[in-house]
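A quick write-up on the structure given underneath.
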Amino acid sequence: MAAIKRDGKTKDMWFPKVASTAISANSFVKFDGSGHVTPCVSTDATILGVYEGPAIASSDATNSLIKITVPIERAVEWTVDVEAGTLTAASVGVTFDLQDATGVNQGGTSHNPVTCTAFLSASKGVFTFAPVL
């Protein structure tokens, strides 16, 4: 399922994507340092927003503009899969790492881009991330 907006104010913004890079629907994205967006990885400490789709194949060699849903307040909540570790009720209020562009690593606390705001199940929770714009 990846990241699905649950609640809060967001703004749709258009950014060029990195050429020849696959981007899954409903995945976290970041700036690459050159003004392009690319999928987040486990070592990222910041998230620009969520690319809602459709999926983009790595065979797309263009830097075309894609729509990114960007939070405009800190309280925007996203329902996200927990891909590593086990979420518990005690996870609420704790910050975690990403596992990749589509999920959270409940056992990772080195980079902490997301904060758990609600426990839904051992493999799904509600999370926020700080706006970068």
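Below, the figures for the structure above:
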{"item": "Cα point-scatterer Debye curve for region 4-71, base-10 log of I(q)/I(0) at q = 0.21, 0.24, 0.27 Å⁻¹", "result": "-0.83, -1.08, -1.33"}
{"item": "Beta bridges by DSSP in the chain, antiparallel share as percent, to the nearest 5", "result": "90"}
{"item": "Top of 71, 16, 39 by mean-square fluctuation, Gaussian network on the chain, Cα under 10 Å", "result": "16"}
{"item": "Above-threshold pairs, the threshold being 22 Å between Cα atoms, out of 67/124; 17/124; 5/30", "result": "67/124; 17/124"}
{"item": "Only Lys, Arg (+1) and Asp, Glu (-1) charged, at Cβ; region 73-133 dipole about Cα centre in debye", "result": "140"}
{"item": "Inter-label distance, nm, simple model (7 Å from Cα along the C-beta direction), residue 72/residue 34", "result": "3.1"}
{"item": "Charge sum, other residues only, whose C-beta stays under 14 Å from residue 121's C-beta, Lys/Arg counted +1 and Asp/Glu -1", "result": "-1"}
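Read-outs: derived from the displayed coordinates by stated rules, not from any lab. Keep in mind the model is a prediction, meaning the values are calculated, not measured. Quick reminder, even Gly has a Cβ in these numbers, built from the backbone with ideal geometry, and neighbours come from all protein chains shown.
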